[in-house]
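Let me begin by presenting the structure, written as structure tokens, before commenting on it.
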Amino acid sequence: MSTLLYLIQKEFIQIRRNSFLPKLIFGFPIVIMCVMPWVMNMEIKNVVVEVVDNDHSQLSSQLIQKIRHSNYFVFAGTKPSYDTALKDIEHSKADVVLVIPQGYEKNGEQVMIAANAVNGTKGAMGSAYLTQIVNSTNASQSATCSTAKTQKLSLGCKLQTLYLYNKNLNYKVFMIPALFAVVIMLMCGFLPTLNIVSEKEAGTIEQINVTPVKKWQFIIAKIIPYWLIAFFIVSVCLVLSWAIYGIVCKGSIWLIYLLVMLLALVFSSFGLIVSNYSDNMQQAIFVMWFFVVILLLLSGLFTPTRSMPDWAYMSTYINPMHYFIDAMRTVFVRGGGLANVSTQISALAIIGCLMAFWAVGSYKKNA
């Protein structure tokens, strides 16, 4: 045990003597929490809309005014014809065109919506937003709800929606728990990776190899400091989430720290595995970055995993980022307890233990 404590002390001394790492440990979570929730926003806004008004009625004017005052659209004015507006779409000057036909107010003629689908998400969401505005405008003209004869819901019926979680539909509430995963993965993944490789290049690791220090002691001494770093980083992120955005964890804080400890175990072990097989720092960085990008994109951080093809969705069963992000959102946003995230905790624990054993077994000690 005394040997392990001395090795852990050595790791902290190395971190402290490095002029860059302490600044990175303090600054990286602050930058991520202060900047990324604003830019990692999947809400579609500033959709440029042009209108072709062939009706020139009071109802069409009301519809145009609603589009003009919407927070989601940038009104680019009215155009004399559909062909003129379509040219603007082809030259990326407009995203959506709304064509109001003659007889829109008197005869209830249907409008036409044409969207630029080069950016499929922006085109689809812009069309959906515009459709809601058109429906709400039509609804304002309806005086009564549907009758028993039609057995259809009139647009004039007022529906109420009850949001159980994230009542204000704030996208930052959805993204901040996932950003915890990004910070832990980068800090606890890359730093251990570069640790052993830098010792290889400096030649200091040979001094450890000729000592009676066991392989598991050496690897555990490399992992434990990054557990403590992970706890510090998450504490900073929790404080910044409350201080800047007013967002607090709905569930147990101790459950958050348990999940962080397991994810730190996974990626610190994985980083040590990569460093054990790497001969230089450049090779270690490229290999680590290759896996980090794949794990991020297939984790459900940006898009729902159910939207993936079946073969890609199968990868989520072995993706620790998927389990962590799912559990964090359950605890942080919905206030779930241990029973709600037991599957994710078990999966992270199994993956973490396998990675730790692999890290110990792959370390080559020539003693």
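The values are calculated or read from the model by the stated rules, or taken from the named source; none is laboratory data. In this text, all values refer to a predicted model and were calculated from it rather than measured experimentally. No Cβ is skipped: glycine too gets one built from the backbone with ideal geometry, and neighbour counts run over all protein chains shown.
Brief remarks on what is shown
- Of all residues in the stretch 71-91, those satisfying the criterion of being assigned to a strand (DSSP E or B) and without any contact (Cβ under 8 Å) to a residue 40 or more places away in the chain are Val74, Phe75, Ala76, Gly77, Thr78.
- Restricting attention to the stretch 11-57, the residues that are surrounded by 13 or more Cβ atoms within 10 Å (Cβ to Cβ) and over 33 Å from the mean Cα position of the chain (by Cα) add up to 6.
- Some residue of the stretch 19-32 being assigned to a helix (DSSP H, G or I) and touching a Cys at 6+ places or on another chain (Cβ under 7 Å): yes
- Among the residues of the stretch 120-141, those that are closer than 23 Å to Asp88 by Cα and in contact (Cβ under 8 Å) with a residue 12 or more places away in the chain comprise Thr121, Lys122, Gly123, Met125, Gly126, Ser127, Tyr129, Leu130, Thr131, Ile133, Val134.
- Flag if Ser299 is modelled with pLDDT of 90 or more, closer than 30 Å to Val173 by Cβ and assigned by TED's automatic domain parsing to the domain that holds Pro225: no
- Filtering Tyr82, Tyr104 for residues that are hydroxyl-bearing (Ser, Thr, Tyr) and in contact with a Leu (Cβ under 9 Å, 6 or more places away or on another chain) leaves a single hit, Tyr104.
- Index of the failed condition, Asp279 passing every other in (1) more than 27 Å from Tyr171 (Cβ to Cβ); (2) part of a helix (DSSP H, G or I): (2)
- When the stretch 169-218 is limited to residues that are under 21 Å from Asp279 (Cα atoms) and of a type in the set (D, E, K, R), the one that is modelled with the lowest pLDDT turns out to be Glu206.
- Long-range neighbours under 6 Å by Cβ, at least six apart or interchain, first residue crowded, with 18+ Cβ neighbours inside 10 Å within the stretch 184-204, second outside any helix (DSSP H, G or I): Val197/Ser278
- Qualifying residue in the stretch 255-272 (condition: touching a residue at least 40 places away in the same chain (Cβ under 8 Å), in the same structural domain as Gly336 (by TED's automatic domain parsing) and part of a loop (DSSP other than H, G, I, E, B)): no
- Criterion: closer than 29 Å to Gln9 by Cα and in contact with a helix residue (DSSP H, G or I) (Cβ under 7 Å, 6 or more places away or on another chain) - qualifying residue of Trp227, Trp289: Trp227
- Test for Ile208: is it under 12 Å from Leu7 (Cα atoms) and part of a helix (DSSP H, G or I): yes
Yes or no, residue by residue, for (1) closer than 18 Å to Ser346 by Cα; (2) more than 26 Å from the chain's Cα centre (by Cα):
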position	(1), (2)
Tyr245	no, no
Lys250	no, no
Val266	yes, no
Ser275	no, yes
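- Residue among Ser70, Ser60, Ser81 that alone is loosely packed, with under 12 Cβ neighbours inside 10 Å and assigned by TED's automatic domain parsing to the domain that holds Val134: Ser81
- Exactly one residue out of Ala339, Ala349, Ala327 is under 23 Å from Leu238 (Cβ atoms) and without any contact (Cβ under 8 Å) to a residue 60 or more places away in the chain: that is Ala339.
- The residue list Val360, Val331, Val341 contains one member that is farther than 23 Å from Thr316 by Cβ, in a helix (DSSP H, G or I), out of contact with any strand residue (DSSP E or B) (no Cβ under 8 Å at 6 or more places or on another chain) and not polar (S, T, N, Q), which is Val360.
- Residue ID - nearest to Lys10 (Cα to Cα), chosen from residues in the stretch 206-224 that are surrounded by 14 or more Cβ atoms within 10 Å (Cβ to Cβ) and of a type in the set (D, E, K, R): Lys222
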